[in-house]
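Structure, as structure tokens:
The values are calculated or read from the model by the stated rules, or taken from the named source; none is laboratory data. Please read all numbers here as calculations on a predicted model, not as lab measurements. Backbone-built Cβ (ideal geometry, glycine too); neighbour counts: all protein chains shown.
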Amino acid sequence: MTYLKISAFFAALAVLVTCSTSQGAEPLSSWNEGKTKAAIMQFVEKVTTPGSPDFVDEPERIAVFDNDGTLWSEQPVYFQLYFAVDRIKALAPQHPEWSSTEPYASILNDDLNKAMSGGMKAISEIVMASHTGMTTEAFETVVKDWIAGARHPKTKKKYTEMVYQPMLELLAYLREKGFKTYIVSGGGIEFMRPWTEEVYGIPPEQVIGSSVKTAYVVEDGKPVIKRLPEMNFIDDKEGKPVGINLHIGRRPLAAFGNSDGDLQMLEWTMAGAGPRFALYVHHTDAEREWAYDRESHIGKLDKGLDRAQADGWTVVDMKKDWKVVYP
């Protein structure tokens with residue numbers, strides 16, 4: 001079965017589960033009964049029921065979701081880094097100097113830890129070398145080819161099979177109730193756009209992420225957009241509300257994240273007038289996924305967890321609240 005057929009099946013399954021609510025079936029079927037599921041449904045019902053004192057018109061029903069750790073897994077490193085590593089290996093024959101130059105030499109020797117020891121400088125070099133120097137169309141093709149066949153080193157699943165079934169159901173449930181769903185991620189905007197519609201039902205124009213600079217040029221008589229080796233925007237922490245304001249132009253009604261990198265997005269959402277909803281996915285299931293929070297090098301949830309507890313935001317306990325993790 002092809003990647004598109006598999007992802008279309010997952011998306012259709014999520015839609016079927018939530019669309020059945022109109023026929024009286026229980027929505028969010030992969031969520032265990034409890035205060036978390038109840039909080040979600042109570043909020044949605046009060047803002048979408050005509051005549052409710054908290055009713056919100058459809059144009060204002062904006063829901064924003066982080067991606068890494070919120071819609072799919074993110075351990076032991078962000079999945080986009082695996083893409084960058086595979087891309088470096090594919091490009092290596094064109095760069096013989098990489099065999100003796102860090103961080104590339106360590107990547108080619110399958111020593112990712114050593115490659116990452118260079119910190120943000122090393123990561124920046126890896127991303128720029130693997131993500132730029134081509135047209136946007138060429139990059140889209142590379143991403144699609146990779147996402148169709150690459151597999152996680154631990155689970156051996158395709159990365160698009162490591163999306164969270166309960167969150168697929170939540171996305172579809174919100175859309176059925178008149179919400180417009182957006183991704184707001186620290187990941188690359190053009191890394192996500194080629195596959196988010198098939199996997200999540202979120203079209204490319206509703207994806208916000210970090211970006212490199214681009215330029216309009218004419219090559220061989222054809223106008224193209226080239227990806228340049230320079231950062232344009234980092235959609236993380238304080239950048240998330242800025243990106244939402246720039247791309248959407250409305251303050252979200254609901255925001256969903258999993259780490260301190262999402263804190264500003266959630267607090268800005270909750271600062272709006274009227275009913276608002278904020279939810280953190282807390283990774284507590286070491287058997288079905290991973291368990292991590294305050295000390296994690298990836299997806300650290302420390303200040304955000306304290307803020308959620310202090311302000312009464314909803315926190316998903318993955319182990320207790322989800323019947324299943326992956327589709």
Exercise. Hey, does the range 59-81 have a residue that's part of a helix (DSSP H, G or I), without any contact (Cβ under 8 Å) to a residue 24 or more places away in the chain and not aromatic (Phe, Trp, Tyr)?
Worked result: no
For this session: Considering each of VAL242, VAL199, VAL184 in turn, give the residue that is part of a strand (DSSP E or B) and either of a type in the set (Ser, Thr, Tyr) or in the same structural domain as ASP260 (by TED's automatic domain parsing) (or both).
Result: VAL184
Exercise. Which condition breaks for ASP236 when tested against (1) in a loop (DSSP other than H, G, I, E, B); (2) closer than 17 Å to ILE126 by Cα?
Worked result: (2)
Exercise. So which of TYR159, TYR182, TYR164 ends up being in contact with an Asp or Glu (Cβ under 9 Å, 6 or more places away or on another chain) and either closer than 21 Å to ASP68 by Cβ or among the small types (Gly, Ala, Ser) (or both)?
Worked result: TYR164
Seminar exercise, completed: Among (1) part of a helix (DSSP H, G or I); (2) at pLDDT 95 or above, ILE6 falls short only on (2)
For this session: Mind counting the residues in the range 277-324 that are assigned to a loop (DSSP other than H, G, I, E, B) and surrounded by fewer than 20 Cβ atoms within 10 Å (Cβ to Cβ)?
Result: 16
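Scan THR101, THR155, THR135 and give me the residue that is in contact with a strand residue (DSSP E or B) (Cβ under 6 Å, 6 or more places away or on another chain) and not assigned by TED's automatic domain parsing to the domain that holds LEU71.
THR135
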Seminar exercise, completed: Subset of the range 223-241, residues buried (at least 17 other Cβ atoms within 10 Å of the Cβ) and closer than 28 Å to LYS180 by Cα, comes to ASP235, ASP236, GLY239, LYS240, PRO241
Seminar exercise, completed: Here the qualifying pairs (Cβ atoms under 7 Å; residues six or more apart or on different chains; first in the range 217-238 and more than 30 Å from VAL64 (Cβ to Cβ); second among the hydroxyl-bearing types (Ser, Thr, Tyr) and outside any loop (DSSP other than H, G, I, E, B)) come out as PRO223/TYR216; VAL224/THR135
Seminar exercise, completed: Quick count over the range 193-216, residues being within 15 Å of VAL64 (Cα to Cα) and of a type in the set (A, V, I, L, M), is 3
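Going by what's in this entry, would GLY209 be described as on the phi > 0 side of the Ramachandran plot, touching a helix residue (DSSP H, G or I) at 6+ places or on another chain (Cβ under 6 Å), among the small types (Gly, Ala, Ser) and in contact (Cβ under 8 Å) with a residue 24 or more places away in the chain?
Criteria not met by GLY209.
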Problem set entry | Which listed residue is modelled with pLDDT under 95 and surrounded by fewer than 19 Cβ atoms within 10 Å (Cβ to Cβ), from ASP220, ASP145 | ASP220
Exercise. Within the range 93-103, can one find any residue that is surrounded by fewer than 18 Cβ atoms within 10 Å (Cβ to Cβ) and within 16 Å of the chain's Cα centre (by Cα)?
Worked result: no
Exercise. Quick one: which of GLY272, GLY261 is of a type outside the set (Ser, Thr, Tyr), under 26 Å from ALA39 (Cβ atoms) and part of a loop (DSSP other than H, G, I, E, B)?
Worked result: GLY272
